[in-house]
Amino acid sequence: MIERLTAMAAVLAVIAAGCGSTGAGSSSSTSAAVTSPSELAPVQGRYAPSIDPANFVAAIDNRYFPLKPGTGFHYEGVAEDGTTPQTDDEIVTHQTKKIMGVDATVVRDTVSSRGKPIEKTFDWYAQDRDGNVWYMGEDSRELRHGKFVKVSDSWEGGVDGAQPGIIMPGDPQPGQEYRQEYYPRYALDQARVLGSGGHVKVPYGSYKDTLLTDETAPKLDPGVHEHKYYVAGVGDIKEQTVAGNHEQIQLVRITH
């Protein structure tokens, strides 16, 4: 009896191995079909990313860009002049905003200088099934003459020619280039994964392994390069402009 069962198991195993629709075969096939962020959000040529609401998930749990509602990321640093102190408080809200049929997570971002808010922004993010986190738009306002005024580089995917881009790939690999936002004449940021950022120490902690990206906007801010360092399970820990100005911020605490 045992021999018959063993023989039958062997036959079933052979059949399963040859059938692409079974568990292991399906997983392998799905993995091979994953599209590179460089193809999903290309930096060259006509830009018209495919946004299918059915391809997005509710939670943003990308290991390098986790956005759990109720979490606060708090940064300190200096403005573009390299001397003026500033803080940046990013709060992942429990709110969502429907953009191009996708429920995007709302992040409230407040930049302050010497204790006074100078910029308030609502950023909108969404994650697809492959783990790519898409930047769906932003409503940004700056303090001018005592009032917060909406700035020209505010944009929303699907409105007035603006299109979403990828803020963090699901599986970042050195050399990947991708568009982060697309709003002609106003917002054209793009990024490139450089690879390991090595050991980085910030007020919040010391990290042996980091991911380093380079962000640019060649058509709007030629010559400006911003390096960003990410840690798996934490997120963005440091941002530093390495060419064009002297802006820098570092993670000092995370709240829940």
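The values are calculated or read from the model by the stated rules, or taken from the named source; none is laboratory data. None of the values given here were measured: they were computed from a predicted structure. Ideal geometry is used to build each Cβ from the backbone, glycine not excepted, and the neighbour counts take in all protein chains shown.
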| request: Please find, within the stretch 178-207, the residue that is surrounded by the fewest Cβ atoms within 10 Å (Cβ to Cβ) out of those that are charged (D, E, K, R) and under 21 Å from Ile237 (Cα atoms). | output: Lys201
| message | Among (1) surrounded by fewer than 19 Cβ atoms within 10 Å (Cβ to Cβ); (2) touching a residue at least 60 places away in the same chain (Cβ under 8 Å); (3) touching a Leu at 6+ places or on another chain (Cβ under 9 Å); (4) of a type outside the set (S, T, N, Q), there is one condition Ile166 misses while meeting the rest; what is its number? | response | (1)
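This table checks each residue for (1) over 29 Å from Asp52 (Cα atoms); (2) in a loop (DSSP other than H, G, I, E, B); (3) modelled with pLDDT of 95 or more.
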| residue | (1), (2), (3) |
| --- | --- |
| Pro172 | no, yes, yes |
| Tyr182 | no, no, yes |
| Glu215 | no, no, yes |
| Asp236 | no, no, yes |
| Arg253 | yes, no, yes |
| query | If you go through the stretch 168-208, how many residues are over 22 Å from Ile60 (Cα atoms) and charged (D, E, K, R)? | reply | 3
| request: Count, please, the residues in the stretch 139-156 that happen to be part of a loop (DSSP other than H, G, I, E, B) and either free of Cβ contacts under 8 Å to residues at least 12 places away in the same chain or under 16 Å from Pro37 (Cβ atoms) (or both). | output: 3
| query | Could you say which residue among Tyr178, Tyr182 is touching a helix residue (DSSP H, G or I) at 6+ places or on another chain (Cβ under 8 Å), in contact (Cβ under 8 Å) with a residue 60 or more places away in the chain and among the hydroxyl-bearing types (Ser, Thr, Tyr)? | reply | Tyr178
| message | Against the definition (in contact with a Lys or Arg (Cβ under 8 Å, 6 or more places away or on another chain), at pLDDT 95 or above, hydrophobic (A, V, I, L, M, F, W, C) and farther than 23 Å from Ser113 by Cβ), how does Ala232 come out, yes or no? | response | yes
